[in-house]
1. Among the candidates Tyr293, Tyr378, Tyr331, single out the residue that is modelled with pLDDT under 85, of a type in the set (Phe, Trp, Tyr) and surrounded by 14 or more Cβ atoms within 10 Å (Cβ to Cβ).
2. Residue check, Asn2 against (1) farther than 30 Å from Phe161 by Cα; (2) surrounded by fewer than 20 Cβ atoms within 10 Å (Cβ to Cβ); (3) modelled with pLDDT under 95, all met but one. Which one?
3. Do any helices (runs of 4 or more DSSP H) lying entirely in the stretch 152-248 carry at least 2 residues that are among the aliphatic types (A, V, I, L, M) and more than 29 Å from Thr52 (Cβ to Cβ), and which ones are they?
4. Can you run down the residue pairs with Cβ atoms below 9 Å, 6 or more apart or on separate chains, where the first is in the stretch 358-380 and free of Cβ contacts under 8 Å to residues at least 40 places away in the same chain and the partner is in a helix (DSSP H, G or I) and surrounded by fewer than 20 Cβ atoms within 10 Å (Cβ to Cβ)?
5. If Ser196 meets every condition in (1) crowded, with 19+ Cβ neighbours inside 10 Å; (2) without any contact (Cβ under 8 Å) to a residue 24 or more places away in the chain; (3) not β-branched (Val, Ile, Thr) apart from one, which number is that one?
6. Can you tell which of Ala14, Ala81, Ala60 is more than 30 Å from Arg177 (Cα to Cα), within 17 Å of the chain's Cα centre (by Cα) and among the small types (Gly, Ala, Ser)?
7. Conditions: (1) surrounded by fewer than 24 Cβ atoms within 10 Å (Cβ to Cβ); (2) touching an Asp or Glu at 6+ places or on another chain (Cβ under 7 Å). Thr90 meets all but one. Number of the miss?
8. Filter the stretch 28-46 for residues that are under 17 Å from the mean Cα position of the chain (by Cα) and at pLDDT 85 or above and give the result.
Amino acid sequence: MNLCLPYASIYMLAIGLNDPQVGFIATVYMLSQILFAFLGGPITDKMGRRKTTAIFDFFAWSVPCIIWWRAENIWFFLVAALINGSMQITTNSWDCLLIEDAEKSHIPGINSLVMVCSQLSVLFAPITAILFARLTLIPAIRILYVNAFFVMTLKIVLLYFFSHETRMGMIRLEESRGKSIFSLAGGYKGVLKIISKSPGTIFALAVTALTGIVGIINTTFWPVIVSQKLLVPDHILPLFPILKSAITIAFLFLVLPHLTKGLLKLHLLTGFACFFIGQALLILAPAQSPALYAVLCISLVFDSFAFGALGMLARTLIALHVNPEERARVYAIINMIVITISSPFGWIGGMLSNLSRNLPFVLNLCLLFIGIIVTLVYYLKKGNDSVSE
């Protein structure tokens, strides 16, 4: 999917959508996720982590790939966005399947290994550049979506046959036997109390929400500003995800080992600051200048470092503070809250981009500054801690 997703926005523009419509699709996608995030915990407990991951991976990714492949107008993207929102169910079940049987001290390393694997599509990115150069944008991306369908479906089959249900998953399967999904959802009131009494979980939720909003805006409108304002040719665009993935992988191998030993406060502040610098450089990048590509590459270095750091740390913060017995439902509530907060920002970003390509990233700068303030205030009250606690 990482070969397709960086070009989703410019694919929509090429099909005939405008900036507000692209932002609207992003918001519909987020709203769809709210419903599925609400159901994610009960479904994961009722069906089991392994089975839920297999079924909803296919529904959330393989099916939309076929719709995106045949897309001709905004309605195709709307339907795909509604279906793709069910990925929140498999996000919940996959997180549980991944770390429930692991020791807490191993969680940062496990999360980093998953992030490395997610970036390995960089090995195939040169094929994308060749497709763009020879076929032009729309037919090239259609081929990528067909490829994504087959690769994702194969992944689903392999994961199902080479994984097993977790110990907590077996317990929750037995406890939910004979209960409906909606009756299980009724237990969310107690889960909300658990979250509200945990300052660490609330802080993790805030970091996750801010990182998610910045990520949504950056993913959606980075290709737009680069192609429409900075006028980078289509056949060069695939080179930037290659660079970003390569930097992220290097970060995870060279820098991450130090993040698993030091203070969370320092790492979070560094991540927010690096993202701030990367976004500022993108805004200041000079169009049609010999320095353009150098500035974009430096911006990507900061963005990639921050993406790796904040992504891993946000997941680790949640994992460290979540009650293991209620992990699926707590994850579901946290995901739902984060998505609810994030959902308007696709549409807001689209409206801002319609006024100026820079404005979505000015908004990101404000959000990242808020992230720095929230982190300073939390640790001023709590004191320092470490990733391995």
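The values are calculated or read from the model by the stated rules, or taken from the named source; none is laboratory data. Source: prediction; values computed, not measured. Cβ sites come from the backbone with ideal geometry, for glycine too, and all protein chains shown count toward neighbours.
1. Tyr331
2. Condition (1) is where Asn2 drops out.
3. Hits in the stretch 152-248: 199-224.
4. Final answer for the pair search is Leu359/Met351.
5. (1)
6. Ala81
7. (1) is the only condition that Thr90 fails.
8. Val28, Tyr29, Leu31, Ser32, Gln33, Phe36
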